[in-house]
Amino acid sequence: MSHALGIDVGGTFTDFVAYDRVNKKVEVWKELSTPTDPVVGIIGGLGRYKSNDAAAVEHIRLGTTVATNAILERKGAVVAYVTTKGFKDVIFVQRGNRKYHYDASWVKPNPLAKRRHCFELDERIDAYGNVLKPLDEAEVRALGEQIKANPEIQAVAVCTLFSYLNPVHEQRIKEILTEVLPDLPISISYEVLPKWKEYERASTVLADAYLKPVVSRQMGSMRKRLDEAGFQAPTVVIKSNGGEMTLDAAAEAPVNLVVSGPTGGVIASRHVAKLTGIDHLVTLDMGGTSTDVSVILDGQERFTTAFEIEWGVPIQIPIIDIRTIGAGGGSIAWIDKGGMLRVGPQSAGANPGPACYGKGDLPTVTDANVLLGRIDPDNFLGGRMRLDVERARKAVASVAEALGQDVDETALAIVRIANNNMVGALRSVLIEGGLDPRDFTLSTFGGAGPLHVGELMVEMGIPKGIVPNHPGQFSAYGFILTQARVDRQRTAQLTSNRFDKARAAAIMQSLVDEAKAQLTDQGFSDEIKLTRALEMRYLGQNYELELTVDESTLSPEADIEQLWEAFHAAHKARFGFNTKGDIIEIVNFAVTAISDSAVPEIPKLERATSAPEPMGRRSVGYAQGRFEVDVHDRDRLLAGHVLEGPVIVEEAASVTVVCPGQRLTVDDYGHLLIDTIQA
Amino acid sequence: MRMSENGFYVEKYNKCACCGLLVYGEGVRTGPGPKGLFCSPWCVEWTERRAKGEDDPVMPIVQPKLPFEAAYPSKHERLAPLDMVTMNIMDSTMVSICREMGILLMKTSYSTIFNEGLDFTCALADAKGDMIACAEFCPTMIGGMPLLIKTCAQEIPFDTLSEGDILLHNDPYRGGLHCPEHTFFKPFFVDGELLGFAVCIGHIAEIGGMVPGAFCGEATEIFHEGMRVPPVKIMKAGKDVEEVWKLILANTRTPRQSYGDLRAMIGAVDLGVDRITQIVRKYGKDVFKQTCEDLMDYAERRMRAEIAAFADGVYSFEDVIENDGITNTPYTIAVDLHLHGDEIVADFGRSSKQARGPINATLGVTTGATYNGILHVTDASIPKNSGCFRPIRVLSPPGHVTNVDYPGPLVAGNTETHPRLADIVIGAMAGCTPDRAMASESGTSTNFVFGGDHPDHDEYFACYDIMSGGWGGRKGHDGNNTVNAINGNCRFNPTEVFETRFPLRVENCELVQDSGGAGQWRGGLGYKRTLYVTTVPITGSQCSDRHETGPFPLFGGERGAAGGTKVMKAGTDRWTTVRETNNKVSSSKYANVVFEPGDRILLITAGGGGYGDPKQRDPELIREDVAEGYISQEQARSAYGFTG
């Protein structure tokens, strides 16, 4: 009972990482995914586990795409939506804005319920939380019967006005409907997201109900088939907040699974940050069709409540803030009507794939990397796939001709424009979020990320880079490092000019109790760590700054002025100005509870006693021209090895490209650290 | 423009008789009086050809230039070699800076029209006043930006600017849109050289004037519409000009809120200047200047390629605005688009004479609306800088509803007339690109504004909220339900925010069945909201339209349903309108109606026009529409002949 398994189900591959706690060994492998029934791929991969001893497995942590796919493909449940009289159309009216400024062909997205399945109850709570019109229980029962009479309906979502201030109606609706409809899952907004703004809350609770039947089915089937395969170890899934939850809890609150797999890369990055003593990391996970960007600040991942299923359809639970752009190795280069070379957003995807894969003819970023000598056509994916250089050249030549440039120049331009697309994503998470790139280290992983690390550092003005271990299975690797985590938030407005500290303290305490209970109910009782935060703003503003507070901030003896001062200071730091003396409003209360389970100890690499031996040399194109560079095998590098750029490091799942003026150092754990020696 | 000798005030706003642009210098005189004054020989020639009854356009078009622009050569000398990669990088970097400015504004501003409505825009301009980048926030301001920047650049001599200065400006007659739209300009310098401006335009909800919230439906002069600010410095060398602040804040009903919004806008231009200065330092001044020129040339090439793909011809379209709030007569808005090769001249000269009420558009609004309409039917990925507008020339003679003369009222021009002008431009373009055109959307922002004394906060409140209506049908798709009129892209206030902020109650928020115009591709639905006045009286005003005529259809579809504003007085159970309760001329445009506790106001938005013959509609779609309640059985039968 000493092995922890991390499994990440991706579109093409299912990645596996096993950590042996006794021998401190990490094992990684891949299995082809089985999209129609992902459990098949999981069980298949487990069968290839080298230390194939199911009994030795003490813990399985799983990144799942079941919720993500059900939403993307709109294959969730038929949901009945129940709300306050007069307001069933809130989910169709939405917010009135549109996705594009100038596109007469844009089609507004639909909510996750049909209008014919929307129902109203004659009840009302006002903006102070007072009951204006009491709930009519007979009406609720009648509605339950009406829903029961419709065999199509598979789940119920309830969102009534101002329930975040007073949940009494929603709670009673749930009780009654549960009696009348014992077989239907029921989600109420107070439990899923007790925050203001009825459309956003409704959209979130709808997603929860929409996912319940399908997630519940898959979690049940997963447990059963793992048991049958002999893996009886406790199994958990990874939530969108990067924490783990049991399969049962996931089935109860599936909205927490909308982003599961990609959080692993962020969690792993947080761990890398801790091991290497780096405070601020920006992560770039680049694959074939998309790139995910995220930030670790002061050793902590960041969260957002602005997630959207598609534009305009929000899910506002706290989710690790991962920005995804449609740019990857497969992004296609083309020339627009103004004669400009563009890269993406169209992608050659996995099929036909880049021209060099031998099927397509359109030039992609990967083709450009092959022509620049950055990817070795004979050693792609550890030599498992031979690339067609001539086909890549022909594809890039088609664009080069139109530009009147040679192929090499064009290949370089393609890579630089692709880099610029990624710089756009980096800018949006760093600079637009008020963070200075010069304080960061760029962590790249995914098959294509390390190819671009050196140039992105230059373009973005990020002084340091890192290519962690297992960049090709980094999310699964993150899962062996994750912890159980619960986030609870609630809207309750209080202002500084008439502040009710006792009420604030009571709200905070109730959130603490809820969060703790959710962890202990799932059996996570190891040392629970709590974080409390207040979301605050000047009265009239509409966006909040989150201030972390401690237990004593709201205690009877605390000086509350210190809290207001802290807010003025935070506003000045984030936005460059503040308005001292103005009324401050507390809007949301937030509590995070983390169960601190034991973290694996990552093995160290042997120390180098001599200079590294390159496995070859080849010509590689950079912005400064072509260079003959050494090519190293990552598996043969040892701790303390230093390589001066330009240089290339190859491994089975990726290639690291270091630019002239940069230096690569192998640290004690085998991470490739890159820094800038001359700009 | 004739200024007083000391430059303290404008004596006369002189405009080109052909295109309506302000004429700052001598201009070109062909005769006495306003009819004999032109901005350029091109406008003289255009006018002479019309006078002779000739129909052919004067091509290629020559864009008008303000006197200050004469200092800049028309064809720039290359300072650095063309570098496509740098262009690409610089473009996305500058757009990102503008977006960052906008995010700061959204997150720090105080009024809901900013932070929920996002009724603002941020841009960067070069030292010639050309817009070099902008972020997509409010479209009306994006189109209006180039003219606004140039006018300001003309009036404030560059040698009077120093680092840390910030200019404020909202004069609608000088490139502006309407008084609430406040523009902040902050120049940026590198090594002492002025290289351009960070600019931000935003809607300040309360600026004094006859009604809380500025939308005075009965205004007959600009003075009814709030405080007008000529280009002045509100910051000098990084220090507040206290006198200006005090003057402005003394003229609003909600000084705390307005102060918060104005501060946020200053925060935004400060940020823009910081960021762009770093970029210029990184690439060097010459590369920066050259790349800006290359980017504008590139955007111009992209736009020309789009226009060239349409067949040459004159494409005309017109519509009516139902009344101006003062007299109950309709006003015509009309456009003739002269497409020739890769250029367009948009002539609004057939529109009605200037109205007495506030529906007039400024030249900035009409220009922005023309750009907006054309951008809707061309490639959306063209960079939005001054270059992409070079192949488009807007002619909007003064004294018309499409180019208001001082001191005519105009507050609704920006929100009501703008979308209607953009819609007729799209309607005209349907003649040459039917697949990309859309039948008329609701075309109104509803603009019900109100204010009162808040019972909880001991503070005056004012609210400007926007409602959205149906989009028109387009080939292949029904119109979207409830989307903001195309001049803006605002989000409306959630009920839970609205009731928390204001002592009113929202009783419903419902789609209006059957409001989408019938068609092969149906118009989208409008919606309605009922506001219930609770404990304190409110003073309400409105500047809207489409209460009498529904949005126009295309290609044999039917009009969308008109919207409306109804009132139910406390203690009654009958819906009526302010025409009856308060003797107002119009139900869509009125000022200072006091609603007492217990009164209800029902706001209804219009549905979109239909596209194509309703009889051609797929019966499956009709069946689904009935099942979802978008149309009634009755309409299925009467409008579509559907019996299934």
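Could you order the peptides B:422-434, A:13-25 from most to least packed, using the average number of other C-beta atoms within 10 Å per residue?
B:422-434, A:13-25
When ranked by the protection proxy of mean other Cβ atoms within 10 Å per residue, highest first, what sequence do the peptides B:411-419, B:351-359 form?
Answer by packing, highest mean first, reads B:411-419, B:351-359.
Which of the lysines could a cross-linker bridge to B:LYS589, judged by Cα under 16 Å and excluding same-chain residues fewer than eight apart?
B:LYS566
Which residue, A:ASN421, A:TYR128, A:GLY449, has the largest displacement toward the positive end of the dipole of chain A when charges sit on each Cβ (Lys, Arg +1; Asp, Glu -1)?
In chain A, that residue is A:ASN421.
Give the span of the stretch B:298-361's Cα atoms along each principal axis, as three whole-Å numbers ordered largest to smallest.
Largest first, the stretch B:298-361 extends 46, 23, 14 Å along its Cα principal axes.
List the lysines whose Cα sits under 18 Å from the Cα of A:LYS197, skipping any in the same chain fewer than 8 residues away.
Of all the lysines, those that pass the test against A:LYS197 - Cα under 18 Å, at least 8 places apart if same chain - are A:LYS85, A:LYS88, B:LYS107.
Among B:PHE158, B:GLY641, B:GLN520, whose Cα sits farthest toward the positive end of the charge dipole of chain B (+1 at Cβ of Lys/Arg, -1 at Cβ of Asp/Glu, about the Cα centre)?
Final value for the positive-end residue is B:PHE158.
Please give, to one decimal in nm, the separation of the simple spin-label points placed at B:ASN582 and A:GLU310, each 7 Å out from Cα toward the Cβ.
4.3 nm
Magnitude of the Cβ-charge dipole of the protein assembly as shown, K/R +1 and D/E -1, about the Cα centre, nearest 20 debye?
1260 debye
Over the stretch B:532-644, how many percent of alpha carbon pairs lie in each 5 Å bin up to the one with the longest distance?
Reading upward from the zero bin: 3, 10, 16, 17, 13, 10, 11, 10, 7, 3, 0.
If you take the alpha carbon radius of gyration of the stretch B:397-442 and divide it by 2.2 N^0.38 Å, what ratio comes out, to two decimals?
1.40
Can you show me the helix-derived [θ] at 222 nm for the protein assembly as shown, built from DSSP H runs with n ≥ 4 at -39,500 (n - 2.57) apiece and divided by the number of residues, rounded to the nearest 500.
One gets -9000 deg cm²/dmol as the mean residue ellipticity at 222 nm.
Mind checking the mean number of beta-carbon atoms from other chains within 10 Å of the Cβ atoms in B:84-93?
Mean partner shielding for this stretch: 5.
Taking 7 Å along the Cα-to-C-beta vector as the label spot, tell me the A:GLU137-A:LYS580 distance in nanometres, rounded to one decimal.
Result for the modelled spin labels: 5.7 nm.
Report the normalised scattering of chain B as log10 I(q)/I(0) at q = 0.08, 0.10 Å⁻¹, calculated by the Debye formula with identical scatterers on the alpha carbons.
Result of the Debye calculation: -0.56, -0.89.
What Kirkwood Rh does the stretch A:169-231 have if only Cα atoms enter the pairwise 1/r average? Answer in Å.
Mean inverse Cα-Cα distance, inverted, gives 13.5 Å.
Suppose we keep just the alpha-carbon trace of chain A; what are its Rg and Dmax in angstrom?
In order Rg, Dmax, the Cα atoms of chain A give 26.6, 83 Å.
P(r) for the stretch A:256-314: what percent of alpha-carbon pairs falls in each 10 Å bin, starting at zero?
P(r) over the stretch A:256-314, rounded to whole percents: 21, 47, 28, 5.
With angles folded into 0 to 90 degrees, how steeply does helix A:263-276 sit against the dominant principal axis of chain A? Use alpha carbons for both and round to 10.
60 degrees
Please compute, for the alpha-carbon atoms of the stretch B:572-615, the extent along each of the three principal axes and give them in descending order in Å.
Largest to smallest, the principal-axis extents are 47, 23, 14 Å.
Take the Cβ-Cβ distance between B:ASP573 and B:SER632 as r, set R0 to 25 Å, and report the resulting FRET efficiency rounded to the nearest 0.05.
Here the calculated transfer efficiency is 0.55.
What is the Cα convex hull volume of the stretch B:354-419 when expressed per residue in Å³?
Output value, Cα hull per residue: 84 Å³.
Between A:ASP227 and B:GLU548, take the C-beta separation as r, use R0 = 51 Å, and let me know the FRET efficiency to the nearest 0.05.
Rounded to the nearest 0.05, the efficiency is 0.15.
May I ask you to derive the relative contact order of chain A, considering only C-alpha pairs under 8 Å and at least 6 residues apart, and to give it as an integer percent?
Computed value for chain A: 12 percent relative contact order.
At R0 = 22 Å, how high is the FRET efficiency between B:GLU624 and A:GLU152 if r is their beta carbon distance? Nearest 0.05 is fine.
0.90
Report D for the stretch B:183-237 in µm² per second (integer): Stokes-Einstein, Kirkwood Rh on Cα pairs, 37 °C, 0.692 mPa s.
Translational diffusion coefficient: 240 µm²/s.
By how many nm would the segment from A:LEU275 to A:ILE560 lengthen if fully extended, with 0.36 nm per residue of separation less the alpha-carbon distance?
Contour length minus the Cα-Cα distance gives 98.9 nm.
Can you work out D for the stretch B:135-245 in µm² s⁻¹ from Stokes-Einstein, where Rh is the Kirkwood radius over C-alpha pairs, the temperature is 10 °C and the viscosity is 1.306 mPa s?
In µm²/s, the coefficient is 107.
Considering the options B:ILE207, B:VAL85, B:GLY175, tell which one lies farthest towards the positive end of the dipole of the protein assembly as shown, charges being +1 on Lys and Arg and -1 on Asp and Glu at the Cβ, about the Cα centre.
After comparing all options, I get B:GLY175.
Could you run the Debye sum over the Cα atoms of the stretch A:575-679, one equal point scatterer each and no solvent, and tell me log10 of I(q)/I(0) at q = 0.14, 0.16, 0.24 Å⁻¹, two decimals?
-0.66, -0.75, -1.36
In nm, to one decimal, how far is the modelled label at A:ARG618 from the one at A:GLU175, with both set 7 Å along Cα→Cβ?
Between A:ARG618 and A:GLU175, the simple spin-label model gives 7.1 nm.
For the ranges A:75-88, A:369-382, what's the packing order if you count other beta-carbon atoms within 10 Å of each residue, average per peptide, and put the highest first?
For the peptides A:75-88, A:369-382, the packing ranking is A:75-88, A:369-382.
Which whole number gives the average count of other chain Cβ atoms within 10 Å of the Cβ atoms across peptide B:96-108?
Rounded to a whole number, the mean comes out at 5.
Could you tell me how many cubic angstrom of Cα convex hull volume the stretch B:472-596 has per residue?
130 Å³
Mind checking the angle between helix A:198-228 and chain A's longest principal axis? C-alpha axes, 0 to 90 degrees, to the nearest 10.
Long axis of A:198-228 versus the principal axis of chain A: about 70 degrees.
Under the definition of partner shielding as Cβ atoms of other protein chains within 10 Å of a residue Cβ, what is the mean value for peptide B:483-495?
5
Which residues in the stretch B:366-409 place their backbone N less than 19 Å from a point set 7 Å from the Cα of B:PHE158 along the Cα-to-Cβ direction?
Those under the cut-off are B:386-387.
Pull up the cross-link candidates among the lysines for A:LYS24, meaning alpha carbon to alpha carbon under 28 Å and not fewer than 8 places away within one chain.
A:LYS50, A:LYS239, A:LYS274, A:LYS529, A:LYS604
So for the protein assembly as shown, Kirkwood radius off the Cα pairs, Stokes-Einstein at 20 °C and 1.002 mPa s: how many µm² s⁻¹?
This corresponds to a translational diffusion coefficient of 65 µm²/s.
Read-outs throughout are calculated quantities, based only on the coordinates presented, and are distinct from any laboratory measurement. If you're wondering where the values come from, they're calculated on a predicted model, not measured in any experiment. Note that each Cβ is placed from the backbone with ideal geometry, even for glycine, and that neighbours are counted across all protein chains shown.
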